[in-house]
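All remarks here apply to the structure that follows.
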Ligand SMILES: NC(=O)c1ccc[n+]([C@@H]2O[C@H](COP(=O)([O-])OP(=O)(O)OC[C@H]3O[C@@H](n4cnc5c(N)ncnc54)[C@H](OP(=O)(O)O)[C@@H]3O)[C@@H](O)[C@H]2O)c1
């Protein structure tokens, strides 16, 4: 476990980096994205921060709070529903028109639901789109800016917060139906989103060896993630759960933000090109390989037979090939 004192000591060093670090938070109007953006703003000098989500009211309040924490920060809200990849492209085009480099791409968009397959106009299931395809579209679109940051020897990192455990344990992928058009179930969505994220970041770490990639498990954090699940009863459920379990089960919100900022910036999660500088084992079982599966406390999640099998059957390449095909077809204005 990385001690919270060590997390805080590292985060405090970010102020000594050159000013103007750029971070993009996809899913910043609530929860872990917001908590992490708040720590980023607190610990950096003149940062440029992009906050992406749908809820403009919440974004307004968050921007006000962030500005009060650090008046030197440049804060931009981009109101986008990222379940449509064309909206992801609009957000990325806006960012690309303003920035030359990105240091941190921090992605948390997601939600809990009991709904069945809910197809978007682009032919993807909405939940899988938000929790996997949109995230990969952000990474693909913003890779040139992440690479520009790494070429300038500055932080270049992608953090996807979801849950690597499902891909490590829950079984195999259905390669003939990776987007689950024909084999939809909530369990399959969890497994595919998780395993495909882990396999894709392993692939990306090899092709972009100066950027590091993290798939992080946040543990329980009191956020808005149950909003869609419980609808108008969400407030009551949150109060009951918070009261009953909060002390024992939840990572405090501020600590979650601090730990995720550490994940997004600490040298211990080195890119492949600097792999010899770290003792930390990557998601492919190789030390310093540039893609890491993190537990909530900064530890690496142990490799499993399930994950090894996915790699041995060529999962990294097969999943990325499929992902590129989906991204290409939808970016041409078509349906997948
Ligand atoms: N909290 C936990 O205990 C926990 C545990 C394990 C895993 N996770 C995972 O961690 C991730 C972050 O969750 P959280 O707890 O921070 O949840 P949260 O408080 O609900 O935050 C989710 C964020 O995603 C955004 N979002 C959702 N759908 C979107 C869409 N279609 N377009 C644009 N933005 C969208 C939301 O913004 P808008 O509503 O403004 O669009 C919100 O800012 C999720 O993937 C969740 O499954 C959370």
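The values are calculated or read from the model by the stated rules, or taken from the named source; none is laboratory data. Model, not experiment: these values are computed from the prediction. Glycine also receives a Cβ, built like all others from the backbone with ideal geometry; neighbour counts cover every protein chain displayed.
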Residue 111 fails exactly one of the following numbered conditions: (1) in contact with a strand residue (DSSP E or B) (Cβ under 8 Å, 6 or more places away or on another chain); (2) modelled with pLDDT under 95. What is the number of that condition? (1)
Could you tell me whether any residue of region 98-107 is surrounded by fewer than 21 Cβ atoms within 10 Å (Cβ to Cβ), under 20 Å from the mean Cα position of the chain (by Cα) and under 18 Å from residue 161 (Cα atoms)? no
Here the residues within region 44-55 that are closer than 25 Å to residue 225 by Cβ and in contact (Cβ under 8 Å) with a residue 40 or more places away in the chain are 50, 52, 53
Would you be able to say whether some residue in region 162-181 is closer than 30 Å to residue 97 by Cβ and touching a helix residue (DSSP H, G or I) at 6+ places or on another chain (Cβ under 7 Å)? yes
Breaking point among (1) modelled with pLDDT under 95; (2) away from the ligand (no atom under 15 Å from the Cβ), for residue 275: (1)
Please enumerate the residues belonging to region 79-101 that are assigned to a loop (DSSP other than H, G, I, E, B), more than 9 Å from the ligand (Cβ to nearest atom) and either without any contact (Cβ under 8 Å) to a residue 60 or more places away in the chain or under 29 Å from residue 222 (Cβ atoms) (or both). 100
For a quick check of your reading: which helices (runs of 4 or more DSSP H) sit entirely within region 215-320 and have at least 2 residues that are farther than 23 Å from residue 31 by Cα? 305-312
Please determine, by comparing only the residues of region 28-61 that are over 19 Å from the mean Cα position of the chain (by Cα) and near the ligand (Cβ under 10 Å from one of its atoms), which one is nearest to residue 137 (Cα to Cα). 56
Going by the structure shown, is residue 280 crowded, with 18+ Cβ neighbours inside 10 Å, without any contact (Cβ under 8 Å) to a residue 60 or more places away in the chain and touching a strand residue (DSSP E or B) at 6+ places or on another chain (Cβ under 9 Å)? yes
Find the residue count for region 124-167, including only residues that are in contact (Cβ under 8 Å) with a residue 60 or more places away in the chain, surrounded by 22 or more Cβ atoms within 10 Å (Cβ to Cβ) and more than 23 Å from residue 47 (Cα to Cα). 12
Does residue 289 satisfy being surrounded by fewer than 20 Cβ atoms within 10 Å (Cβ to Cβ), under 28 Å from residue 22 (Cα atoms) and more than 18 Å from the chain's Cα centre (by Cα)? no
Go through region 206-230 and give me each residue that's out of contact with any helix residue (DSSP H, G or I) (no Cβ under 7 Å at 6 or more places or on another chain) and within 11 Å of the ligand (Cβ to nearest atom). 219, 228, 229
